[in-house]
1. Tell me the label-point distance for the pair SER130, ALA390, using the 7 Å Cα-to-Cβ offset, in nm and rounded to one decimal.
2. Between their Cα atoms, which of LYS214/LYS318; LYS141/LYS294; LYS182/LYS214; LYS182/LYS318 are more than 29 Å away from each other?
3. Quick check: the distance between the Cα centres of segment 228-273 and segment 351-400, to the nearest angstrom?
4. Give me the net charge of GLY201's neighbourhood, meaning all other residues with Cβ under 12 Å from the Cβ of GLY201; Lys, Arg count +1, Asp, Glu -1.
5. In whole Hz and in residue order, list the ³J(HN,Hα) couplings for segment 111-122 that follow from phi through the Karplus curve 6.51 cos²θ - 1.76 cosθ + 1.60, θ = phi - 60°; x for Gly and Pro.
6. Can you give the FRET efficiency for SER356 and LYS207, using 1/(1 + (r/R0)^6), R0 = 30 Å, r = Cβ-Cβ distance, to the nearest 0.05?
7. Report the FRET efficiency, 1/(1 + (r/R0)^6), for LYS77 and ARG247, where r is their Cβ-Cβ distance and R0 is 25 Å, rounded to 0.05.
8. Label-point separation (nm) for LYS181 and SER295, each offset 7 Å from Cα along Cα-to-Cβ?
Amino acid sequence: MKSRRIWYAYLALGVTLITGCLYAERNLPAGRHSHAGIAADASVEGAGTTWLRHASFALADPAPTDTTDRGSMPAEKVYRNIQTLRGMSASEVSATMTFISASLGVHCGFCHAQGDFASDDKPAKKTARSMILMTEDINAKNFGTTTVTCYSCHRGNPVPVAVPSLAQGDWGRLDVSMELKKDSTTTAEAVLDRYTRELGGEAAMGKIRTRTIKASESQAGGTTATVEVFQKLPNKFRSVTTSSDARRGTGIMWYDGTTAGMVFGNRPPNVPNNAELEQLLREAEFFPASDIRKSYTGIRLLGREHIGDRNVLVIEAKRNKSSERLYFDAATGLLVRRYVEFHMTLGSIPFSVEYSDYRTVDGVKVPYTAKWSTLRDSWTDTITELHNNAPVDDALFTRQ
Ligand code: HEC
Ligand code: HEC
């Protein structure tokens, strides 16, 4: 249930727009472009991000799992005016735009003329193109990988700060998170084995084939929602989020193990982009990160750290284009934090989940509270009702 707001998350207002765009273009006769949807969305930009955030649901790009779609095509074949991002897969464009907006701390409209993303009317868009080339050049000449990004210089400002801040105080003593200490008393294997045991053990976990959940959600803006989740092995997932704010309506998201979709209110259904899908895949797990040994590579113990007054053991692991850090409470053996970075050509999009209030139901432990944080949003889900192995109709995972 944690991330059905993938769409509210990093996409914020932006993706609404991009989506409208893609969707409209995909569904019109060839040669016609409609930006009606975009214009409608862009016009409320001034109304603040909240409404938009929750409207931005009818998402953007084709998911990589959707082989009939255009997501894997080069961006320049799907969009109309791609010059510097040529060769990037189309499904990466929307997440990249989110990354750029977050790096500069601006809305899409800072660079894009209302209603027409292909237009080059705004000078900032042209500057952004030369910035993309400059950044690629810095990396190619000096690092060989994506090391310096828009965020390295911009740090959430359109114009980077050039003078160190006085607010930084006694810079000589800044202790920048150098806390992680090597730990040779245990191993990644041992930490993961213990986690499995603490969750109830493989046998008990294997008996859980479906799960239905009701949860209450508190959102960063002070609003609330109720959430209903349906899960079925191995990773089928559906969530229905109903906001207490009638304007936001109900958001539904589904995943049948291959194809994902989402719909918000009476907008057209769409598919998550590749960064969003990463969030969804984690949300669809029955026990967070419990079987990373099956599908992850590079699993290793980074060391020991503190979260508040809690001693945690930190494991690093990688899957496809993402890497994550898993924080296990050294006292209880349970996962308390998960930090994920989804890597793209221009930079990485992070999100994290904090798990707490583990309770035992049918012999297995489930975190009753999960706090999700993304670039643009954060929300906390608290389970109010949970049933294991209740009958769940397969059709729930394939459609609105
Ligand atoms: C800092 C400037 C900047 C911001 C902010 C920005 N973009 Fe872009 N966007 C660009 C540039 C530059 C291009 C063209 C890239 C190229 O030439 O390859 C582009 C291209 C696009 C395109 C492709 C248009 C086409 O048909 O060619 C879409 C769609 C898009 N952006 C959507 C968005 C959305 C949605 C947001 C908000 C989340 C956003 N952009 C924020 C600079 C920006
Ligand atoms: C090496 C540092 C650095 C990196 C990396 C960098 N920028 Fe910049 N950027 C700057 C500086 C410095 C300015 C201000 C230039 C000025 O004041 O004339 C600027 C200005 C801009 C502006 C114009 C802002 C305005 O107010 O008009 C845009 C848009 C922009 N950058 C986008 C980007 C994007 C997108 C990226 C990543 C692809 C990026 N920048 C990466 C240093 C950087």
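1. Taking the two extended label points, one gets 6.0 nm.
2. Details: LYS214/LYS318 31 Å; LYS141/LYS294 37 Å; LYS182/LYS214 40 Å; LYS182/LYS318 20 Å.
LYS214/LYS318; LYS141/LYS294; LYS182/LYS214, as the Cα separations exceed 29 Å there.
3. Taking the Cα centre of each part, segment 228-273 and segment 351-400 sit 14 Å apart.
4. Values: positive: ARG194, ARG197, LYS207, LYS365; negative: ASP193, GLU198, GLU202.
Computed value for this residue: +1.
5. Values, residue by residue: 10, 10, 5, 4, x, 8, 5, 6, 5, 9, 5, 7 Hz.
6. Details: r = 24 Å, r/R0 = 0.81.
After rounding to 0.05, the efficiency reads 0.80.
7. Values: r = 36 Å, r/R0 = 1.46.
Working from the Cβ atoms, E equals 0.10.
8. A separation of 3.6 nm, rounded to one decimal place.
Every number in this text was worked out from the coordinates using simple rules, so none of it is lab data. Here the structure is a predicted model, which is why all the values come from computation and not from measurement. Glycine gets a Cβ as well: all are built from the backbone with ideal geometry, and neighbour counts include every protein chain shown.
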